[in-house]
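Structure first, commentary second.
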Amino acid sequence: MTTEKELQEALERARQAALRVLHQGRVATYIPELGKADPNLFAMSVHLLDGTKASIGDTDRSFSMQSVSKVFSLAAAMHAKCEDLFAKVSVEPSGDAFHSIVLLEEEEGMPRNPFVNAGAIAISNRLPGTTAKARFEYLRRFLGDMCGEHPPEMDSNVWLSETNTGHRNRALAHFMQHWQVIEDADGTIDTYFRQCAISVTAKSLARYGLFLANKGVDPLTEKVVISAEENKMLLALMTTCGLYDAVGQFAVDVGLPAKSGVSGGILAIVPGEMSIAAFGPALDGKGNSVGGIAALQSLSNELGLSLFN
Ligand code: GLN
């Protein structure tokens, strides 16, 4: 078991590793509000199952979850016992960019997995509630309840910015509605844009992810978030689909189930041990945080965290 001191030292070296590569990345600009982020920011927070925490860098700086929210919307849909959740969403890696429409056309509107945009939009459609806002509120309250805290807020500037520019995601939603994979494409896309705009910090993100490291039970509130079987599936999907078309390299370099987002957040899970959140808005060409990946690689190597050791 890692001590707090070892953890803090490992985090300092992870930060150094991140700072060396930040200049290689660029912030996302296709959602204009994300383009305002400072590419020099970096943060990492670790939360152990026993409540021990360690953090480094800009850990109180808030950012929108973006695609990291896809893990939580899937968990919320599982929590809500949505029936046949995977009847219209597959569980195979896509090998394509997160917003690609290519496979959707070839496969009659059935998304490859719940972590590409199309798949996440299909899952958002299944959250309890008949309106976009009600479905989003379910997710927000789900996050707050499991930790016994206030639900997180949405960054309305980010939401508005994606609402004004997210035509590609709208196309995915309407394409899926054409194939009757989802209903209410316009409402569903609003739920999805809202969930992507949920505001977190590296600290709060690591906290939200803790149940994933503990077989679906939040270790601090002892709430059963999802079943152990569902949790196993979520971690498997994170391992195989969590970083899109960079997931193979990430498995080699870091070796942990993880989910990234274009605001620069990455949530990584060490089953049975800890939840790790990294944040650095400078992204590589595949939309993943360069600093986040470098820091996770350093931490994983130093503490021997890879699942494949
Ligand atoms: N909201 C973003 C989008 O749909 C999320 C993508 C991401 O974080 N990879 O484009």
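The values are calculated or read from the model by the stated rules, or taken from the named source; none is laboratory data. Computed from a predicted model, the values in this text were never measured in an experiment. Positions of Cβ are backbone-derived with ideal geometry, glycine not excepted, and every protein chain shown enters the neighbour counts. Keep in mind that these areas ignore ligands, DNA and RNA; they rest on the heavy atoms of the full protein, side chains included. Shrake-Rupley method; radii C 1.70, N 1.55, O 1.52, S 1.80 Å.
A Cβ distance below 7 Å, combined with a sequence gap of six or more or placement on separate chains, defines the contacts here; from the range 275-291, residues that are of a type in the set (Val, Ile, Thr) reach residues that are open to solvent by less than 10 Å² (accessible area, probe 1.4 Å) and assigned to a loop (DSSP other than H, G, I, E, B) in the pairs 290/280; 290/282.
Scanning the range 57-66 turns up one or more residues that are assigned to a helix (DSSP H, G or I) and within 25 Å of residue 201 (Cβ to Cβ). Can you list residue pairs whose Cβ atoms sit under 7 Å apart, with the first residue in the range 19-44 being farther than 21 Å from residue 157 by Cβ and within 16 Å of the ligand (Cβ to nearest atom) and the second being among the small types (Gly, Ala, Ser) and assigned to a loop (DSSP other than H, G, I, E, B)? Count only pairs 6 or more apart in sequence or on different chains. Every condition considered, the pairs that remain are 25/282.
For the residues 128, 93, the requirement of being at pLDDT 95 or above and either in a loop (DSSP other than H, G, I, E, B) or acidic (Asp, Glu) (or both) singles out 128.
With respect to residue 256, determine if the residue is at pLDDT 95 or above, in contact with a helix residue (DSSP H, G or I) (Cβ under 8 Å, 6 or more places away or on another chain) and either open to solvent by less than 30 Å² (accessible area, probe 1.4 Å) or within 16 Å of the ligand (Cβ to nearest atom) (or both).
Values: at pLDDT 95 or above: yes; in contact with a helix residue (DSSP H, G or I) (Cβ under 8 Å, 6 or more places away or on another chain): yes; either open to solvent by less than 30 Å² (accessible area, probe 1.4 Å) or within 16 Å of the ligand (Cβ to nearest atom) (or both): yes.
Criteria met by residue 256.
Please go through the range 91-101 and pick out each residue that is open to solvent by 60 Å² or more (accessible area, probe 1.4 Å) and within 16 Å of the ligand (Cβ to nearest atom). Passing the criteria: only 101.
Within the range 150-185, being touching a residue at least 24 places away in the same chain (Cβ under 8 Å), open to solvent by 90 Å² or more (accessible area, probe 1.4 Å) and either away from the ligand (no atom under 14 Å from the Cβ) or not in a helix (DSSP H, G or I) (or both) holds for 153, 178, 179, 180, 183.
In the range 210-233, of all residues being more than 17 Å from residue 139 (Cα to Cα) and assigned to a loop (DSSP other than H, G, I, E, B), the one that is least open to solvent (accessible area, probe 1.4 Å) corresponds to 219.
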